[in-house]
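To start, the structure itself, in structure tokens.
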Amino acid sequence: MPTSAVPAVPAARHPQLRRTVSTGVRLDGRPPVTDLQLMFLGLSPVTAAAAVLLAGCGVRGFVISDPRPVTWDDAAAGAFDLPDVGRSRDLGVRQRIRAANPNAVALSDPARFTAEDRPSSLVIRAVDLSDPDGASLDLRAAAAEGRVRERQEVLDVVVPGGHAPGTTMLWPVRPWYARACPDCMAKAAGTAQPEPSRGARYDAWPTHTALAAAVLAQAVIAQAGAGGPEVGHRGHPSNGPVDGSAAEHVTVLHPGGPVSTIERVPNPQAACPLCAAG
């Protein structure tokens, strides 16, 4: 029996929800959710839970790449089951994706992600800045990043260092070549807020993971297929108007005991010589 606090979406197993239904003309011109092709490079508790939620929403095309083992903290965050501890993260998430949506295809080989030139494709990259020694780095994950094309749209999900566990930053969707540098990510995270007490933190951690995963899932569905924001790098085209502040702000989700908070902070990339030169 699943023990995680963010289970696979049971409603997605209902035959009526799995059936493809024609809704007529799509006024916004976006592709249906079933056409989205997503690649998850690295898995944090938030991105792992969001992948399962997206499968429950009808997304069928997944590439999940993170061979690192599930830790006890991953299970405590509510994104994995206790029996998953020690197993590879991508295996556990791919199994839960198929449980949430039997029509989903969840692969583990980044070379199988062949949708880079399609507007309905998006890469969700988990970036962990909380480990100053780089122990969380994996050579296989670095090799997977090397396969991403320069113009592929990417949404970075950042775990900043020096903050309470569960603190998550959602970076604006940008082309791969215009992704933020670690210094910009650290600057956007700012100064750590007072950390909840240990008891309150662990009690509220799974609920915060669920909240952050829901925000990420909405961002993925809103951005995938939208043509990406105007970023002003190398003449990257835009397929339509977007929220003028979308590329100028970073969403920061802070855990609380028990109430989480959502903050929008300025994107520091415009003032960064390294990012501006990209």
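The values are calculated or read from the model by the stated rules, or taken from the named source; none is laboratory data. Since we're looking at a predicted model, the values are computed, not measured. Ideal geometry is used to build each Cβ from the backbone, glycine not excepted, and the neighbour counts take in all protein chains shown. Please note that ligands, DNA and RNA were not included when accessible areas were found on the heavy atoms of the full protein model with its side chains. Shrake-Rupley method; radii C 1.70, N 1.55, O 1.52, S 1.80 Å.
For segment 51-75, the set of residues classified as in contact (Cβ under 8 Å) with a residue 24 or more places away in the chain, assigned to a loop (DSSP other than H, G, I, E, B) and of a type outside the set (A, V, I, L, M) consists of CYS57, GLY58, ARG60, ASP66, PRO67, ARG68, listed by residue number. A Cβ distance below 7 Å, combined with a sequence gap of six or more or placement on separate chains, defines the contacts here; from segment 80-91, residues that are over 11 Å from PRO69 (Cβ atoms) reach residues that are open to solvent by less than 40 Å² (accessible area, probe 1.4 Å) and in a loop (DSSP other than H, G, I, E, B) in the pairs ASP81/SER4. Here SER88, SER44 are screened, and the one residue that is under 25 Å from VAL159 (Cα atoms), at pLDDT 90 or above, open to solvent by less than 30 Å² (accessible area, probe 1.4 Å) and among the small types (Gly, Ala, Ser) is SER44. Assess whether GLY166 counts as being under 29 Å from GLY61 (Cα atoms), at pLDDT below 80, of a type outside the set (S, T, N, Q) and buried (at least 21 other Cβ atoms within 10 Å of the Cβ). The answer is no for GLY166.
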